[in-house]
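The values are calculated or read from the model by the stated rules, or taken from the named source; none is laboratory data. Being a predicted model, the structure only gives us computed values, none of them experimental. When we count neighbours, we look across all protein chains shown, and the Cβ atoms used for this are built from the backbone with ideal geometry, even at glycine. Side chains are part of the model used for accessible areas, which takes the heavy atoms of the whole protein and leaves out ligands, DNA and RNA. Shrake-Rupley method; radii C 1.70, N 1.55, O 1.52, S 1.80 Å.
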Amino acid sequence: MRDEFYMQLSLDKAWEYQGLTYPNPAVGAVVVLEGNILSIEAHQKAGTSHAEVLALLSAYESLSNRSIDFDPYDSHKAHAFLLALPKDFFAQCSIYVTLEPCSHEGKTPSCASLLQSLALHRVVIGTEDPIAGHGGGMKQLEHVTVGVLKKECQALIEPFLIWQKRAFVLFKLAQTTNGRIGGGYLSSQASLTHVHQLREVCDTLLIGGNTVRVDRPTLDCRFIQAQAPDVKIYAKEDNLDREIPLFTVENRRVEVITRLDFLETPSFVLVEGGEGMLKALQEKIDWMLIYQTPKLSTNNLTYNTTMNLHFLYQDKKDKDLMIWSKKIGH
């Protein structure tokens, strides 16, 4: 049961960055010494240090009472620093990681090779890396336990598996506790900021023509001062007012489309829309992300459709409840 406890901590941390690590998977890691938790970390952004590396750096600070003097997200500096430590520095520590440590080298060095050199007491892994050519990390390691909370760890990386083959389609919606939508901002600032973080990393923001005509949105990333996403507007006809703010954002492409065949291309597509888009995309949606605010509304706008959902994970963004879910049978 202790292994499950530490792995759940790793999962909880990884879910904080679900989607934000695109095109990498969300991964969490915990370092433990004799039952004491030294660190809980997660991979945060593609091209930066992986979860294991961040957890080990944080554990070093806990054990040494010293702060590192470099950017921990610089994976090459982080690996070099950890490899320069005394060989037995982490010898009594165990690391729990939701996904098999990477054996290949890309923008970052191999985590499996790092763990092999550090020779930890135990390496506990949630699930194997399912991508062909990415596995083999476990074979480099000793004292490995695999399959702790495997089902939960596999659910965590489902988006990663989908966007290897085609578009992963995430439909975002915000609603009151009594299921009402629209009428201006419903969500907390924390939820709005999270949406802007997802917009920054997605390949395409997909919206419906009616949303553009009625809401006249901007759909940028101003809350995080980041580049706005490219937008595709799914509409039967292109009769849209080009003075609507979303058309005037610099360095973004806006395209009006009548077909959804672009979803066959591996990518991350974030959908924001109302009932019309939800119905139009019912067969294309992989996951839904629901921000439920603790408000009641007399607004009559709602999603008049039926869909059975399986809740994957829930967290809080300030006062809002954030629910990751997928369609049953999808």
(request) Test Lys172 against the criterion of being at pLDDT 90 or above, open to solvent by 20 Å² or more (accessible area, probe 1.4 Å), under 21 Å from Gln44 (Cβ atoms) and not in a loop (DSSP other than H, G, I, E, B), and give yes or no. (result) yes
(message) What's the number of the only condition in (1) crowded, with 18+ Cβ neighbours inside 10 Å; (2) free of Cβ contacts under 8 Å to residues at least 24 places away in the same chain; (3) not hydroxyl-bearing (Ser, Thr, Tyr) that Leu120 fails to meet?
(response) (2)
(request) Give the residues of the range 260-274 that are in a loop (DSSP other than H, G, I, E, B) and modelled with pLDDT of 95 or more, sorted by residue number. (result) Leu260, Thr265, Pro266
(request) Could you tell me which numbered condition Ala84 fails, if it satisfies all but one of (1) open to solvent by less than 10 Å² (accessible area, probe 1.4 Å); (2) at pLDDT 95 or above; (3) under 19 Å from Tyr60 (Cα atoms)? (result) (1)
(request) Kindly provide the set of residues from the range 1-53 that are small (Gly, Ala, Ser) and either closer than 13 Å to Leu99 by Cα or in contact with a Phe, Trp or Tyr (Cβ under 8 Å, 6 or more places away or on another chain) (or both), ordered by number. (result) Ser10, Ala14, Gly19, Ala26, Gly28, Ala29, Ala42, Ala46, Ser49, Ala51
(request) Could you list all residues from the range 203-240 that are acidic (Asp, Glu), part of a loop (DSSP other than H, G, I, E, B) and modelled with pLDDT under 95? (result) Glu237, Asp238
(message) Restricting to the range 240-291, name every residue that is surrounded by fewer than 16 Cβ atoms within 10 Å (Cβ to Cβ) and among the hydroxyl-bearing types (Ser, Thr, Tyr).
(response) Thr248, Thr258, Thr265
(message) If I ask for residues that are open to solvent by less than 70 Å² (accessible area, probe 1.4 Å) and not in a helix (DSSP H, G or I), which ones from the range 134-158 would you list?
(response) His134, Gly135, Gly136, Gly137, Leu141, Val144, Thr145, Val146, Gly147, Val148, Leu149, Ile157
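Each row is one residue, and each column tells you yes or no for (1) farther than 20 Å from Leu173 by Cβ; (2) open to solvent by 20 Å² or more (accessible area, probe 1.4 Å).
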| position | (1), (2) |
| --- | --- |
| Cys202 | no, no |
| Gly209 | no, no |
| Val214 | no, yes |
| Phe223 | no, yes |
| Ile233 | no, no |
| Asp238 | yes, yes |
(request) Would you check if Ala112 is in a helix (DSSP H, G or I) and among the hydrophobic types (A, V, I, L, M, F, W, C)? (result) yes
(message) What are the pairs with Cβ atoms under 7 angstrom where one residue, in the range 315-326, is of a type in the set (Phe, Trp, Tyr) and the other, located anywhere, is surrounded by 16 or more Cβ atoms within 10 Å (Cβ to Cβ) and assigned to a strand (DSSP E or B)? Sequence gap at least six, or different chains.
(response) Trp324/Trp287; Trp324/Leu289; Trp324/Leu312; Trp324/Tyr313
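Results for (1) crowded, with 22+ Cβ neighbours inside 10 Å; (2) assigned to a helix (DSSP H, G or I); (3) basic (Lys, Arg); (4) within 19 Å of the chain's Cα centre (by Cα), shown as yes or no for each residue.
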site: Gln18; (1), (2), (3), (4): yes, no, no, yes
site: Ala26; (1), (2), (3), (4): yes, no, no, yes
site: Glu41; (1), (2), (3), (4): yes, no, no, yes
site: Lys45; (1), (2), (3), (4): no, no, yes, yes
site: Ser49; (1), (2), (3), (4): yes, no, no, yes
site: Ala59; (1), (2), (3), (4): yes, yes, no, no
site: Pro72; (1), (2), (3), (4): no, no, no, no
site: Lys77; (1), (2), (3), (4): no, yes, yes, no
(request) Could you run through the range 65-87 and say how many residues are farther than 18 Å from Ile40 by Cβ and without any contact (Cβ under 8 Å) to a residue 12 or more places away in the chain? (result) 9
